[in-house]
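Contents: one structure, followed by commentary.
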Amino acid sequence: MNENLSKLFKQTYNHPESRLSDDIWYAIQAKQAKSLKIQSLVYGIIGVLSLGCFVFMIFYMKKQFALSGFFQYVSLIFSDGNLFASYWKEYLLSLADSLPVASLGASVFLLVSILVSIRKLLKQYKNQLLSI
């Protein structure tokens, strides 16, 4: 394939009136521009959906923290330090048990997807600006 392309370019170099190499270059640029637009659209949709889900996940996670009693366990440290010093192992296990891990994991996943999509979008726009 590469040999055929190199032969084709060499032949068009000898015959500049055919403008075949310019047409090939413009076709390649048009395909790249179309690909950049599609990728930007996909990353934008993913970012917006992730942001919307992240907002709802924050409210859900707040409700899960309140239902699990996590904040009551945390306030116990400040109310009675001697009790915490005596039973710190059991306290930390109870604190870890009351942590809503699924909600935290889902919100971290959504946050990472938002950041990745923003990074990819910025990279796409940077490439688009540099190609102009």
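The values are calculated or read from the model by the stated rules, or taken from the named source; none is laboratory data. These numbers were taken from a predicted model, which means no experiment stands behind them. Reconstructed Cβ throughout: ideal geometry from the backbone, glycine too, with neighbour counts over all protein chains shown.
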Report those helices (runs of 4 or more DSSP H) wholly inside segment 73-132 carrying at least 3 residues which are on the phi < 0 side of the Ramachandran plot and either at pLDDT below 80 or of a type in the set (S, T, N, Q) (or both). 81-86, 101-131
Please determine whether any residue of segment 25-36 is aromatic (Phe, Trp, Tyr), modelled with pLDDT under 90, under 30 Å from TYR125 (Cβ atoms) and in a helix (DSSP H, G or I). yes
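Scanning for something among the aromatic types (Phe, Trp, Tyr), free of Cβ contacts under 8 Å to residues at least 40 places away in the same chain and in a helix (DSSP H, G or I), does segment 45-62 turn up at least one residue? Please lay out each step first, then the result.
Looking only at segment 45-62, we keep the residues that are among the aromatic types (Phe, Trp, Tyr), and these are 54, 56, 59-60.
Filter once more, keeping what is free of Cβ contacts under 8 Å to residues at least 40 places away in the same chain: 56, 59.
Among the residues that remain, those that are also in a helix (DSSP H, G or I) are: 56, 59.
Scanning segment 45-62 turns up at least one residue that is among the aromatic types (Phe, Trp, Tyr), free of Cβ contacts under 8 Å to residues at least 40 places away in the same chain and in a helix (DSSP H, G or I).
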